[in-house]
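Comments concern the structure below.
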Amino acid sequence: SESGEDAEMIADYFSILSDTTKSIAERFVAVLYFGQQRNQESLEYLVQGLFHDSSPIVRHECAFHLGKRLDSRGIVAPLLQRAIESDSSLFVQHEALIALGDVGDLSYLPFIERYLTSTVVEIRESAAIASATLRLRYERS
């Protein structure tokens, strides 16, 4: 269980992340904090940041950290898929693709491979990396 101090830190960082008057740097630091935590609350705040922060840099960092949440892959993978499809930022789409390759299972391969023919080189390259990452992980297991 979380100590009172941990709960206070989580509340403080969440208040920073959800406050659009805070700088991108401050919100980014909050994402870094949540990325280091392994609790459900931090996972939810990363998801909230991925879909609601105004900064592509903050959303990108949320996608990155969600890609490291192997303990929650069943929750995270469909959310990353949604971000790839819906985020207007190439930067976020790129990171969400890479993250999906990190946490997805083979059922996501057809989705990722759709982006191998993207007209946008960064998306094509990200899909190739995500596809290779996913295939390698399953070949080794």
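When both residues are 6+ apart or on different chains and their Cβ atoms are under 6 Å apart, which pairs have a first residue that lies in the stretch 22-33 and is closer than 19 Å to PHE51 by Cβ and without any contact (Cβ under 8 Å) to a residue 40 or more places away in the chain, and a second that is open to solvent by less than 60 Å² (accessible area, probe 1.4 Å) and of a type in the set (Gly, Ala, Ser)?
Listed by first residue and then by second, the contacts come to ILE24/SER55; VAL31/GLY49.
Out of the stretch 83-95, which residues are closer than 26 Å to GLU26 by Cα, out of contact with any Pro (no Cβ under 8 Å at 6 or more places or on another chain) and not in a loop (DSSP other than H, G, I, E, B)?
ALA83, ILE84, SER86, LEU90, GLN93, HIS94, GLU95
Please specify each residue of the stretch 1-50 satisfying the condition of being open to solvent by 30 Å² or more (accessible area, probe 1.4 Å), polar (S, T, N, Q), within 20 Å of ARG69 (Cβ to Cβ) and in a helix (DSSP H, G or I).
Of everything in the stretch 1-50, those that are open to solvent by 30 Å² or more (accessible area, probe 1.4 Å), polar (S, T, N, Q), within 20 Å of ARG69 (Cβ to Cβ) and in a helix (DSSP H, G or I) turn out to be GLN36, GLN40, GLN48.
Could you list, in sequence order, all residues of the stretch 105-127 that are closer than 22 Å to PRO56 by Cβ, open to solvent by less than 50 Å² (accessible area, probe 1.4 Å) and either at pLDDT below 95 or assigned to a helix (DSSP H, G or I) (or both)?
Within the stretch 105-127, PHE111, ILE112, TYR115, ILE123, SER126, ALA127 meet the criteria.
What are the residues in the stretch 19-47 that are under 21 Å from the mean Cα position of the chain (by Cα), hydroxyl-bearing (Ser, Thr, Tyr) and over 13 Å from CYS62 (Cα atoms), if any?
THR20, SER23, listed by residue number.
With respect to the numbered conditions (1) assigned to a helix (DSSP H, G or I); (2) at pLDDT 95 or above, which one is the sole condition not fulfilled by SER54?
It fails just one condition, (1).
When residues of the stretch 62-81 are filtered for being in a helix (DSSP H, G or I) and closer than 19 Å to GLU125 by Cα, how many remain?
Counting residues in the stretch 62-81 that are in a helix (DSSP H, G or I) and closer than 19 Å to GLU125 by Cα gives 4.
The values are calculated or read from the model by the stated rules, or taken from the named source; none is laboratory data. Note that the coordinates shown come from a computational prediction; the quantities given were computed from them, not determined experimentally. Counting neighbours? That spans all protein chains shown, and the Cβs are built from the backbone with ideal geometry, glycine included. Each accessible area value is taken on the protein alone, full model and side chains, heavy atoms only, with ligands, DNA and RNA left out. Shrake-Rupley method; radii C 1.70, N 1.55, O 1.52, S 1.80 Å.
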